[in-house]
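**Student:** Shown below is the structure under consideration.
Read the figures in this text as sums done on the coordinates, not as results from a lab. Computed from a predicted model, the values in this text were never measured in an experiment. Neighbour counts are summed over all protein chains in view; Cβ atoms, including those assigned to glycine, are modelled from backbone coordinates with ideal geometry.
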């Protein structure tokens, strides 16, 4: 099935909010909730993957199947300001161990915040 211009424009309208600076400010105000929510899961990332994706957090998330529009949230929930910060402990000779716990935020909470943002923005 071929994509039409209308279909492509609708999908870009649906994902545009993920890149909106105002929406990201709202998400920043909820960051502590994302990190401590009971549904937030922590998954260990081994040293081999840390080495493979050093400086490329979005590459790691891509391998894990995380959607592009969710990667910024993952980066911020995991305490990074820039995806190139991933694996910086490899270069730190004083680091006791190399390991990383990937925090996976609850996407239903993310969806609820997104819906509320869109609702209040159009009102």
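**Student:** Pop the C-beta distance of residue 43 and residue 84 into the FRET formula with R0 = 22 Å and round what comes out to the nearest 0.05.
**Tutor:** 0.55
**Student:** Show me 21-29, 56-64, 78-86 ranked by packing, highest mean number of other Cβ atoms within 10 Å first.
**Tutor:** 56-64, 78-86, 21-29
**Student:** Subtract the Cα-Cα distance of residue 52 and residue 66 from 0.36 nm times their separation in residues, and report this length gain in nm to one decimal.
**Tutor:** The span from residue 52 to residue 66 would gain 3.3 nm if fully extended.
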